[in-house]
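Structure first, commentary second.
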Amino acid sequence: MQEPPQIKNPSITLYPFHLRDDSDEGYGEVARNAQSLWENLADNVGTQFNSNELKSLRDKLICYKDKQYYPQGEQENPNNDKLLITDGKTLDLQPITQPNLPKLSGSIYALRIHDTYTADLTFYYKNVTIKVADLNQLNPQGCLLPSAIKPSLGQTLLLYATPAVYDTYRKLADECVTAFVHNQQQASPEFRAEGILFGSPIFEYDSREDDAAKRCHILVWLQDNPQSLQLATATFFNAYLMTLLFSRAKIVFVYREARKKYRKAQQIVGELEKKLPEFGEIEREQDRQVKLQKLKGLLAEVRTKMLACAQQVCYLQEVRNTIDINAENYAEALERIKGLSIEGDNLDFLQRFLDLAENTYQRQIEIDLNYLIASQDLFQQSISTVRGMVEIEQVEFDREKEQRERQRDREQIQLYQQKEEEEKIRDREQIKLYQQNEEKEKKRDRQLENIIFFVGTAIGGGQIFSAAYPLIKETPIQWRLDSSLPLHPFAATILWSLLFGLVFGLLMLGIAVLIRKIFRE
């Protein structure tokens, strides 16, 4: 029966990378979940390994105060602000007891690199040979995998061991990864590349998930040269390796985010392209006011989408710069590691990632930017065209509106003049009618006066005659003419009655005229 594969003195090192700053919140502003890396290391990993030092990690960090996250403490630290543990040194963990296995040792080193929190958390067995299947003891409940650590930029796990019982290095590395992950990873990391570092074979595995917080990147380094361990534990090598892995994580993260931004920008461009036919439809609109309103609405909508697209373009340009900077840092760290390498080393797999970043990633971003910038130019021209159409339509609309207002004013004036003329005619007619009525009243008054006069005269004459008639009986009338004789009483009575009646009639007529005049006034 074939003996199961075994390894000696295995160690697992976690390099998590989590954004401490959030550019969306402003330059140098702390991200909302910046402390989650330390929370997960303390609460999750510390609990799974039952390590008191890890459980109380927050008490050892300068970015915590009274058990609360206090990022200002990083600036107040008199030591190098990159070092986050209070004394600036590595924190050794007390030996951890595990069932059916020797005690496990460990240490943690916490620091900040630019805008990112990171750590070097290592667990290892010393002078111990274990079965590969027991490697899951170095990852209880998957607490060292991205699903538990949740690093925003990603992480790398480095498994170092000396082969004891195995077929080939590659097969042993595959079995180590399978045992370590132990079905705890949603997407299992797959073999990607291999090389030789310090005379020992090293294998790379990656799940290549888009979400950095779920992406599992593992390096399996199997000792085949006595110099390997000595060189691997050197402080400067660990600093170079951490810089290299940090730059790699930053490049992968921003590139994946760039692809998301580009897809979003493509969606916006597609929506803008669907708006182009509306220009022609609006141009055929006959109602100028409706046309102007539609053009303004379309212009506002296109400008809003253009602004959203411009934001994606700006992000892609920032990504291009970020990849440039981190590719330079990666290249520098790689050169330093190559400077430590020994004869027979092969670091092509590390160089290939640099070539991927500098060529494929950057070339893809350039293509994306060229496409989006060309689309921006097209839609910018469309905006300029629509803006020109709006200005022209606005001028024409204002001109027509002014003409309509002038026409309305002229119509109002004409209507006013017409009404004024009608009122004058109506006034003249009223005056004429009034004059006619007055003339009729005068005529009626004259007729009434004549009737009164004749009736009054007849009545008065009758009264005078009836009053004078007895005088005829009393004194006979002498019919011959004799001037010496006195006037007969009957004749005298008639004469004096006519005289007094004439005077009284004239008086009454004057009074009547005066009264009528007074009432008319």
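The values are calculated or read from the model by the stated rules, or taken from the named source; none is laboratory data. The structure displayed is predicted, hence computed values, not measured ones. Neighbour counts run over all protein chains shown; Cβ positions are idealised from the backbone, glycine included.
Details
- Here segment 132-180 is the region considered, the condition is being charged (D, E, K, R) and at pLDDT below 95, and the residue that is nearest to Lys250 (Cα to Cα) is Lys150.
- Within segment 90-129, tally of residues that are of a type in the set (Asp, Glu) and part of a loop (DSSP other than H, G, I, E, B): 1
Condition check ((1) surrounded by 14 or more Cβ atoms within 10 Å (Cβ to Cβ); (2) within 32 Å of the chain's Cα centre (by Cα)) across all residues:
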position: Ala310; (1), (2): yes, yes
position: Arg336; (1), (2): yes, no
position: Glu343; (1), (2): no, no
position: Leu354; (1), (2): yes, no
position: Asn359; (1), (2): no, no
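- Every listed requirement among (1) buried (at least 16 other Cβ atoms within 10 Å of the Cβ); (2) touching a helix residue (DSSP H, G or I) at 6+ places or on another chain (Cβ under 6 Å) is met by Glu53 save one, (2).
- Residues that are in contact (Cβ under 8 Å) with a residue 12 or more places away in the chain and surrounded by 13 or more Cβ atoms within 10 Å (Cβ to Cβ), drawn from segment 80-93: Asp81, Lys82, Leu83, Leu84, Ile85, Thr86, Thr90, Leu91, Leu93
- Any hit, segment 265-272, residues being out of contact with any Cys (no Cβ under 7 Å at 6 or more places or on another chain) and buried (at least 19 other Cβ atoms within 10 Å of the Cβ): yes
Residues checked against (1) in a helix (DSSP H, G or I); (2) over 21 Å from the mean Cα position of the chain (by Cα):
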| residue | (1), (2) |
| --- | --- |
| Gln286 | no, yes |
| Leu295 | yes, yes |
| Leu307 | yes, no |
| Arg320 | yes, yes |
| Ile325 | yes, yes |
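- Test result for Glu209, modelled with pLDDT under 95, crowded, with 17+ Cβ neighbours inside 10 Å, of a type in the set (D, E, K, R) and more than 16 Å from Ile130 (Cα to Cα): yes
- Answer residue from segment 106-165, given it is among the hydrophobic types (A, V, I, L, M, F, W, C) and surrounded by fewer than 19 Cβ atoms within 10 Å (Cβ to Cβ) and is nearest to Lys55 (Cα to Cα) among those: Ala148
- A residue that is small (Gly, Ala, Ser) and either closer than 30 Å to Ala173 by Cα or assigned to a strand (DSSP E or B) (or both) occurs somewhere in segment 51-70.
- For segment 357-377, the count of residues that are within 23 Å of Gly195 (Cα to Cα), touching a helix residue (DSSP H, G or I) at 6+ places or on another chain (Cβ under 7 Å) and in contact (Cβ under 8 Å) with a residue 60 or more places away in the chain is at least one.
- Lone unmet requirement of (1) crowded, with 18+ Cβ neighbours inside 10 Å; (2) assigned to a strand (DSSP E or B); (3) of a type in the set (S, T, N, Q) for Asn40: (2)
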